[in-house]
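First comes the structure, then the notes that go with it.
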Amino acid sequence: MKKIALHWQIIIALILGVLYSYLAISQGWMKFTLYYLRPFGDIFIRLLKMLAVPLVLFSIIKGVAGLSDISRIGRLGAKTFGLYVLTTVVSVTIGLGLVNLIEPGNKIDPTVKEEIRTYVETNVSQDDGFQSLQAKQDATNKIQEEYGPLFILVESVPDNIFSALTSMSKMLQVIFFAIFFGIGLLFVDKRYSDPVNKAVDGINEVILLLIQWVMRAAPFFVFCLLAGQMARLAGDNPAILSQILQAVGWYMITVILGLGIMALVFYPSLVAIFVRHIGYLGFMRKLVKAQSVAFSTSSSAATLPVTMDVVENDLGVSPQTTNFILPIGATINMDGTSMFQGITAVFLAQFFAGGMEMTDQLLMIGMATLASIGAPAVPSAGLVLLMGILASLGYQAWWVALVFPIDRILDMTRTAINVTGDAAVATLIAQSEGEFSSKKSSP
Ligand code: ASP
């Protein structure tokens with residue numbers, strides 16, 4: 001019998017996870033689900049995150065040292081950064097166009113609006129989960145206030161590389177160190193660089209092997225992850241969830257439509273135009289595995305090992321390009337998140353304040369792009385930074401409480417788009433640099 005491809009196994013597991021959770025909620029199997037399935041889902045995320053930090057460190061060192069010529073690093077760096085910013089700006093702009101066209105915040109009956117508003121202000125914004133989001137935002141705000149607009153630069157430079165390695169939210173610092181170290185390796189005498197290069201190569205290979213092992217069990221883990229998440233969501237407060245879901249239905253449709261345009265039209269068309277040997281369908285088909293892992297983990301950092309595997313082994317991009325571009329992309333390129341922030345900010349302004357001025361919307365494009373660079377690639381990061389954006393535009397940060405209960409669903413979707421954007425840019429750059437290691441990617 002023909003073996004089902006891993007990405008299909010993962011998709012089947014996703015669907016089974018959702019079906020199971022319906023059954024579990026209706027049959028009252030909550031305890032079993034939360035105690036015996038959810039732990040395996042969390043173990044999956046931990047394993048991926050555990051491998052992501054060393055992967056970023058060593059693959060960037062390897063990528064930079066492999067470029068062998070400092071001017072190439074500069075050119076590739078500029079191209080990578082430029083394309084990442086460009087796709088992000090396009091994404092927010094599409095989002096803003098859609099939210100102005102659909103006006104989801106004006107589609108709600110004014111009396112219902114008032115009821116929900118009071119409810120959200122007095123209940124959801126006091127909720128523990130939301131408060132911890134607010135605390136994270138306060139911490140970011142503090143740093144921002146201290147350093148002003150250049151705070152991202154300051155935040156990218158670690159004062160202690162070992163402490164940077166202990167936190168997923170300090171990935172920019174790890175990248176900074178890795179690039180710096182890689183450049184140093186290019187300049188040091190061969191006697192010293194050779195053994196270090198060999199060791200870095202060896203460590204990278206072992207990490208990649210571990211990732212393959214973890215991924216073999218991915219379908220099981222994904223099933224547990226989904227089952228656990230849905231059970232937790234329903235357990236939190238099903239009444240609020242259904243009430244808010246009704247009010248924000250059009251908003252969710254707007255976000256999903258925007259993200260859908262990116263995934264089904266924007267990226268695959270770019271690849272079809274510029275990278276003919278992969279083409280529209282080739283790109284879509286190969287990306288499914290990374291998208292489904294992103295969807296189930298809600299973290300582009302946790303998905304990074306899988307995205308790298310797909311880009312290198314399925315799309316055929318050379319390891320050097322993959323090693324350099326993707327870890328940076330997972331950290332600074334979040335097209336889905338920026339689009340989500342644009343749509344959500346305007347929706348909230350429509351809901352709470354009758355709308356958002358055009359000038360504020362234009363500012364939004366710049367802010368959401370910056371947020372995409374600064375946001376850690378972990379669950380809910382986009383929502384935390386959105387609070388900061390709202391506050392700096394003069395709106396209320398607590399408005400975010402309206403979408404907080406349904407954020408997980410949107411987080412899953414935007415994370416899938418974030419990793420698709422990273423892969424698309426890596427593919428385009430590989431094409432322009434002639435960096436395809438094989439043509440096995442032909443559909
Ligand atoms: N979860 C997203 C990611 O890791 C970030 C966010 O939008 O919250 O890509």
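The values are calculated or read from the model by the stated rules, or taken from the named source; none is laboratory data. All values reported here derive from a predicted model rather than from experimental measurement. Reconstructed Cβ throughout: ideal geometry from the backbone, glycine too, with neighbour counts over all protein chains shown. The area values use the complete protein model at the heavy-atom level, side chains included, leaving out ligands, DNA and RNA. Shrake-Rupley method; radii C 1.70, N 1.55, O 1.52, S 1.80 Å.
Things to note:
Conditions tested, residue by residue: (1) within 16 Å of the ligand (Cβ to nearest atom); (2) open to solvent by less than 10 Å² (accessible area, probe 1.4 Å).
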{"residue": "324", "(1), (2)": "no, yes"}
{"residue": "332", "(1), (2)": "yes, no"}
{"residue": "342", "(1), (2)": "yes, yes"}
{"residue": "365", "(1), (2)": "no, no"}
{"residue": "373", "(1), (2)": "yes, no"}
{"residue": "383", "(1), (2)": "yes, yes"}
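- Residue list for the stretch 239-288, restricted to those being among the aromatic types (Phe, Trp, Tyr), closer than 30 Å to residue 314 by Cα and open to solvent by 70 Å² or more (accessible area, probe 1.4 Å): 274, 280
- Pairs meeting the criteria (first residue in the stretch 162-186 and over 21 Å from residue 333 (Cβ atoms), second residue surrounded by fewer than 21 Cβ atoms within 10 Å (Cβ to Cβ) and of a type in the set (Gly, Ala, Ser), beta carbons under 8 Å, at least 6 apart or on different chains) are 185/193; 186/68; 186/193.
- Looking across 351, 324, 295, one residue alone is assigned to a helix (DSSP H, G or I), aromatic (Phe, Trp, Tyr) and under 17 Å from residue 410 (Cα atoms). It is 295.
- When the stretch 53-87 is filtered for residues that are aromatic (Phe, Trp, Tyr) and buried (at least 22 other Cβ atoms within 10 Å of the Cβ), the ones remaining, listed by number, are 58, 84.
Conditions tested, residue by residue: (1) free of Cβ contacts under 8 Å to residues at least 12 places away in the same chain; (2) surrounded by fewer than 21 Cβ atoms within 10 Å (Cβ to Cβ); (3) farther than 30 Å from residue 271 by Cα.
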site: 370; (1), (2), (3): no, yes, no
site: 390; (1), (2), (3): no, no, yes
site: 395; (1), (2), (3): no, yes, yes
site: 406; (1), (2), (3): no, yes, yes
site: 410; (1), (2), (3): no, no, no
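- Single match in 94, 12 (criterion: open to solvent by 70 Å² or more (accessible area, probe 1.4 Å), hydrophobic (A, V, I, L, M, F, W, C) and either farther than 18 Å from residue 322 by Cβ or modelled with pLDDT under 90 (or both)): 12
- Here residue 411 meets each of (1) near the ligand (Cβ under 9 Å from one of its atoms); (2) at pLDDT 90 or above; (3) in contact with an Asp or Glu (Cβ under 8 Å, 6 or more places away or on another chain) with one exception, condition (3).
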